[in-house]
1. Mind checking the dipole of the range 2-188: about its Cα centre, +1 per Lys or Arg Cβ, -1 per Asp or Glu Cβ, Debye to the nearest 20?
2. Ignoring solvent entirely, what values of log10 I(q)/I(0) come out of the Debye formula for the chain at 0.17 Å⁻¹ when each Cα is a single scatterer?
3. Of A51, A214, A155, which is farthest along the charge dipole of the chain in the positive direction, counting Lys and Arg as +1 and Asp and Glu as -1 at C-beta?
4. So what are the ³J(HN,Hα) numbers for the range 120-131, from phi and the Karplus equation (6.51, -1.76, 1.60; θ = phi - 60°), rounded to whole Hz, Gly and Pro as x?
5. Along the range 198-203, what does the Karplus equation 6.51 cos²θ - 1.76 cosθ + 1.60 (θ = phi - 60°) give for ³J(HN,Hα), rounded to whole Hz, x for Gly and Pro?
6. Please give me the summed charge of the neighbours of M60: other residues whose Cβ is under 14 Å from its Cβ, Lys and Arg +1, Asp and Glu -1.
7. So which trypsin sites (Lys or Arg not before Pro) in the range 66-144 pass both tests, a DSSP loop state and at most 11 other Cβ atoms within 10 Å of the Cβ?
8. Can you tell me which of 120-126, 185-191 comes out highest on packing, and rank the rest after it, using the mean Cβ neighbours within 10 Å?
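Throughout, read-outs are computed from the coordinates displayed, never taken from laboratory work. Remember, predicted model here, so these are calculated numbers, not experimental data. Note: ideal-geometry Cβ built from the backbone for every residue, glycine included; neighbour counts use all protein chains shown.
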Amino acid sequence: MLRAAAAGLLFALAAGPLGAFVVWRRMAYFGEALAHSVLLGVAAGFLLGLAPGLAVLPFMLGFAFLLLLLERQRLVPVDTLLAVLAHGALAAGVILVSLLGGVRTDLLGYLFGDVLAVGDGDIAVLMLVAVTVGGLLARFWPPLLSATVSEELAAVEGVPVQRMRLLLVLLLALVVAAGMRVVGMLLVMALLVVPAATARRFARTPETMALLAAAIGGLGVLAGLAGAWQFDLPAGPAIAVVTVGLFFASLPAGLAPAGGGRP
């Protein structure tokens, strides 16, 4: 339980501030497409004889590049394209894993996570992810925020808009890949987006919203693990349910209007 709590808190620390940008830029569909593609990375790891955790990250980064390129096309609406890719990748991953002879896999573990099974190595990876995401967001916060407010105005001011967008997409891929062990691919966006959406009800500034999102995510992790321990529930879904419950509880209690925390 201590390892699970540490892993969950580290993931919440990385996902909270990044989730604020996902909410501001309305990138939830993009994140879902990334999350649903994780299983293809797992299958690729099995095919190459690699540990799934090692294969997922480079696959996710490549898939993020692909999504970023396809998002610029104008033949199909972006949300439709991302939905098609997300569910297609998930279905293809399930089929590919099922066809791998002699490989025993627990699909529920990949779909819904297994935070109670994390080891010291997983915690070290999550700590590295949290430090990397936090450091890069702190370093590039002003240009990222400027590009989020208005890409046109940011470009006029000399902000490298495309580089900032690429940085955000790569960080999102990194966090989604890291969240596979904590809450699984189907629920990782719940811990990425929902705490930020909850924090938006109380925040007056973008910085406050980012910090509150990390705190709310951490609270959801601890309360979800406590509920899983008390009532013998699956830990990943319990964390997601508590986080969603905090969001609905915040609706009547929020001090800020719906646009609170907007950069």
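1. On the way: 10 positive and 10 negative charges, 28 e Å.
Computed about the Cα centre, the dipole is about 140 debye.
2. Evaluating at q = 0.17 Å⁻¹ gives log10 I(q)/I(0) of -1.36.
3. My answer, from the dipole projection, is A155.
4. 4, x, 4, 5, 4, 5, 5, 5, 5, 5, 4, 5
5. So the Karplus estimates, Gly and Pro as x, are 5, 4, 4, 6, 10, 7 Hz.
6. Details: positive: R181; negative: E32.
That works out to 0.
7. On the way: sites: R72, R74, R104, R139; in loops: R72, R74, R104.
Within the range 66-144, the qualifying trypsin sites (Lys or Arg not before Pro) (loop, at most 11 other Cβ atoms within 10 Å) are R72, R74, R104.
8. Working: 120-126: 15.6, 185-191: 25.3.
Final packing ranking: 185-191, 120-126.
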